[in-house]
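Below is one structure, written out as structure tokens; comments come after it.
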């Protein structure tokens, strides 16, 4: 099937990044959120990010203008029913995602493909709550979307080959690389990445090292571009905790037990960069470790 019109649900960092790359690739994008302020902020962010690309010579001014012209916004979820492909990028809570798909379902075209940008939730389970499990799959972008080259494509147990092929074609048109993952908790990237971050938090919790020494050790000792605690702050500690809980509940293995210190930070509302405090305090000119 040919995909021309794409609906994006959620105008946060992931949603606006997805809208950004889709519009640059020539797709018409309709972005939805429950907040007009979020939609306005998303257009501002997309414009700024594309302008940086133009300033660096990665895209032309004509490309920028054309891409921005392909993005429209709406507060009405049913408006997305007329698109060929829907990418849900809302909060990483299963009940929220299920409610979105249930509300959207009556307005969908027969051929519309539904996908979720979930980083860990069961695709099969999400699909089972819709009228089209064969046209439902995981479409997991990495953050930040315009920069990262990988997209995980996750088939649920009922996903058909035509749906997978259509989504794979979209990834290729974006100039990104698709990695096929089976529908197990965390898929590939977060199945490996989140336990590493969780172990770094345990290392901090047990006093093996402080924030600075842990991050410095992994950057200089393992050549990681960002330390695990710095990365956790970038991702969002609430998101890290949610994924660890999915791994722990879904795989029933104690090695995935979230570190109590990670839970404590989330309970305190210290979620990382988005709240200006996490394992680092970002309220000054330079980040300062909080432990």
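The values are calculated or read from the model by the stated rules, or taken from the named source; none is laboratory data. This one's a predicted model, so the numbers in the text were calculated from it and none came from an experiment. Glycine gets a Cβ as well: all are built from the backbone with ideal geometry, and neighbour counts include every protein chain shown.
Brief remarks follow.
- Summed over segment 250-291, residues that are surrounded by 20 or more Cβ atoms within 10 Å (Cβ to Cβ) and either over 20 Å from the mean Cα position of the chain (by Cα) or under 17 Å from residue 214 (Cβ atoms) (or both) total 10.
- Qualifying residue in segment 174-184 (condition: outside any loop (DSSP other than H, G, I, E, B), in contact (Cβ under 8 Å) with a residue 40 or more places away in the chain and in contact with a helix residue (DSSP H, G or I) (Cβ under 6 Å, 6 or more places away or on another chain)): no
- Considering (1) in contact with a helix residue (DSSP H, G or I) (Cβ under 6 Å, 6 or more places away or on another chain); (2) assigned to a helix (DSSP H, G or I); (3) closer than 24 Å to residue 13 by Cα, the lone condition that residue 246 does not fulfil carries the number (1).
- Meets criteria (in a helix (DSSP H, G or I) and either crowded, with 21+ Cβ neighbours inside 10 Å or in the same structural domain as residue 95 (by TED's automatic domain parsing) (or both)) for residue 233: yes
- Selection from segment 185-195 of residues that are surrounded by 15 or more Cβ atoms within 10 Å (Cβ to Cβ) and part of a helix (DSSP H, G or I): 189, 190, 191, 193, 194, 195
- Within segment 145-155, the set of residues being surrounded by 20 or more Cβ atoms within 10 Å (Cβ to Cβ) and in a loop (DSSP other than H, G, I, E, B) comprises just one member, 145.
Conditions (1) without any contact (Cβ under 8 Å) to a residue 12 or more places away in the chain; (2) surrounded by 16 or more Cβ atoms within 10 Å (Cβ to Cβ); (3) not in a helix (DSSP H, G or I), marked per residue:
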site	(1), (2), (3)
30	no, yes, yes
41	no, no, no
52	yes, no, no
68	no, yes, no
86	no, yes, yes
120	no, yes, yes
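- Filter result for residue 80 (over 21 Å from residue 244 (Cβ atoms) and surrounded by 16 or more Cβ atoms within 10 Å (Cβ to Cβ)): yes
- Scan of segment 249-291 for residues that are part of a strand (DSSP E or B) and touching a helix residue (DSSP H, G or I) at 6+ places or on another chain (Cβ under 7 Å), ordered by number: 272, 280, 289
- Residue within segment 210-218 that is within 22 Å of the chain's Cα centre (by Cα) and either under 18 Å from residue 119 (Cα atoms) or without any contact (Cβ under 8 Å) to a residue 40 or more places away in the chain (or both) present: no
- Which listed residue is assigned by TED's automatic domain parsing to the domain that holds residue 114, at pLDDT 95 or above and out of contact with any helix residue (DSSP H, G or I) (no Cβ under 9 Å at 6 or more places or on another chain), from 48, 19, 11: 48
- For segment 122-144, the set of residues classified as in contact with a helix residue (DSSP H, G or I) (Cβ under 9 Å, 6 or more places away or on another chain) and free of Cβ contacts under 8 Å to residues at least 40 places away in the same chain consists of 125, 126, 127, 129, 130, 131, 132, 133, 134, 135, 136, 137, listed by residue number.
- Scanning segment 88-118 for residues that are in a loop (DSSP other than H, G, I, E, B) and within 15 Å of the chain's Cα centre (by Cα) yields 89, 90, 91, 92, 93, 117, 118.
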